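Take a look at the structure set out below.
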Amino acid sequence: MTATVFLGGGRITGALAAGLRLAGDRRKIVVYDRHPEKLRALRRESRVKVARGLKSAIESAEMLIIAVRPMSVKEILHEVAACGAKPPKLCVSLAAGVPIKNLRGWLPGSMHWVRAMPSPVCRIGRGLTPLSFDHGVTRRERHCIRKLFERVGPVLELPETQLDAMTAASSPTHGYHALARLTIAAQKAGLDRKTAFIAAAHALSDGIVYWREGDATVEELLHEAATPGGIAAATMAAMDKAGYTLAVDRGIRAGVKQCAKNARR
């Protein structure tokens, strides 16, 4: 029986496997990893099959998903090339910043490559996955990939030239970071930690829900919130004056720069 095979049993593999099972997906998932403790946890949580070795994993693969850290992609693809088993036609890389041209060079052959940047939030079926397709990927293969990632959240197709910026901008880490900093600021203003966290969480989540379920633009919502002389207007003005916009811009640029650094490894 052919399988969807993950090379790497880390957090994103765990999130995808859990999200697929939550969605009722019963496909055979095989995971290869050098760390037995990761594999045991995945098997308990998501009923994955553990590969006996790299060769056996590749031999069972209908679709191969590279889910190792960017600095390890070259090594694992060289190992695949040398393992004695022919890789499947369809291969997916989850490595941030590693371009398709590198993937093709590190694993020579006629594989059709896709780059995917799934969010860890796919664990609960709500994670956005940006996708970029190699020029040789067929319509049937595109449908297959979209169907896979749509089981765990929305999908957005982009040209590869935009994928690094999308990766840096779409990370849920921005939400966690803002939540943590806003909680600290609310505590300093006089709230206890629990109340400060509730206030910060609602400030972020309520705004997103209102935007998603309404028909107003973000600009319209900001204008609506910024009543002259109001608390929201004073808060936003002070944050902008302190360099909020510049800080966010620098953060995104740093993320894109790290993607470019990964591409040169």
For the range 111-140, what are the residues that are closer than 18 Å to residue 208 by Cα, more than 8 Å from the chain's Cα centre (by Cα) and not hydrophobic (A, V, I, L, M, F, W, C)? 125, 126
Within the range 58-74, residues out of contact with any helix residue (DSSP H, G or I) (no Cβ under 9 Å at 6 or more places or on another chain), assigned to a helix (DSSP H, G or I) and farther than 18 Å from residue 14 by Cβ come out as 59
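Select from the range 117-136 the residues that are in contact (Cβ under 8 Å) with a residue 40 or more places away in the chain and aliphatic (A, V, I, L, M) and list them in ascending order.
Taking the range 117-136 and keeping what is in contact (Cβ under 8 Å) with a residue 40 or more places away in the chain, we get 117-125, 127-128, 130.
117, 121, 124, 128 - these are the residues of the range 117-136 that are in contact (Cβ under 8 Å) with a residue 40 or more places away in the chain and aliphatic (A, V, I, L, M).
Select from the range 80-95 the residues that are touching a residue at least 12 places away in the same chain (Cβ under 8 Å) and out of contact with any strand residue (DSSP E or B) (no Cβ under 9 Å at 6 or more places or on another chain) and write down the one among them that is nearest to residue 143 (Cα to Cα). Step through it out loud before you land on a result.
From the range 80-95, those touching a residue at least 12 places away in the same chain (Cβ under 8 Å) are 80-81, 83-95; that's our starting set.
From what's left, out of contact with any strand residue (DSSP E or B) (no Cβ under 9 Å at 6 or more places or on another chain): 81, 83-84, 86.
Numbers: 81: 27, 83: 29, 84: 29, 86: 23 Å.
Across the range 80-95, the extreme among qualifying residues is 86.
Return a yes/no flag: does the range 125-135 have any residue that is closer than 22 Å to residue 67 by Cβ and charged (D, E, K, R). Give the derivation first.
To start, the set of residues in the range 125-135 that are closer than 22 Å to residue 67 by Cβ comprises 125-134.
Pick out the ones that are also charged (D, E, K, R) and you get 126, 134.
Among the residues of the range 125-135, at least one is closer than 22 Å to residue 67 by Cβ and charged (D, E, K, R), which makes the answer yes.
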Can you give me the ranges of the helices (runs of 4 or more DSSP H) entirely in the range 160-265 with at least 1 residues that are more than 24 Å from the chain's Cα centre (by Cα), loosely packed, with under 12 Cβ neighbours inside 10 Å and not polar (S, T, N, Q)? 173-188, 193-213, 218-225, 231-241, 244-263
Give all pairs with beta carbons closer than 6 Å in which a residue from the range 147-159 that is more than 12 Å from residue 123 (Cα to Cα) meets a residue that is at pLDDT 95 or above and not in a strand (DSSP E or B); count only pairs at least 6 apart in sequence or on separate chains. 154/128; 155/146; 155/149; 158/166
Would you check if residue 151 is charged (D, E, K, R) and out of contact with any helix residue (DSSP H, G or I) (no Cβ under 6 Å at 6 or more places or on another chain)? no
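Residue 92: over 30 Å from residue 255 (Cα atoms) and either in a strand (DSSP E or B) or outside the structural domain of residue 127 (by TED's automatic domain parsing) (or both), yes or no?
Values: over 30 Å from residue 255 (Cα atoms): no; either in a strand (DSSP E or B) or outside the structural domain of residue 127 (by TED's automatic domain parsing) (or both): yes.
Against the criterion (over 30 Å from residue 255 (Cα atoms) and either in a strand (DSSP E or B) or outside the structural domain of residue 127 (by TED's automatic domain parsing) (or both)), residue 92 does not qualify.
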Looking only at the range 171-192, count every residue that is at pLDDT 95 or above and in contact with a Ser or Thr (Cβ under 7 Å, 6 or more places away or on another chain) and tell me the total. 0
Within the range 118-132, the count of residues that are buried (at least 16 other Cβ atoms within 10 Å of the Cβ) and out of contact with any Asp or Glu (no Cβ under 7 Å at 6 or more places or on another chain) comes to 10
Unmet requirement for residue 79, which otherwise passes all of (1) over 18 Å from residue 148 (Cβ atoms); (2) within 21 Å of the chain's Cα centre (by Cα); (3) part of a helix (DSSP H, G or I); (4) of a type outside the set (A, V, I, L, M): (2)
Go through the range 1-51 and report how many residues are surrounded by 23 or more Cβ atoms within 10 Å (Cβ to Cβ), outside any helix (DSSP H, G or I) and in contact (Cβ under 8 Å) with a residue 60 or more places away in the chain. 5
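The values are calculated or read from the model by the stated rules, or taken from the named source; none is laboratory data. Since we're looking at a predicted model, the values are computed, not measured. Glycine gets a Cβ as well: all are built from the backbone with ideal geometry, and neighbour counts include every protein chain shown.
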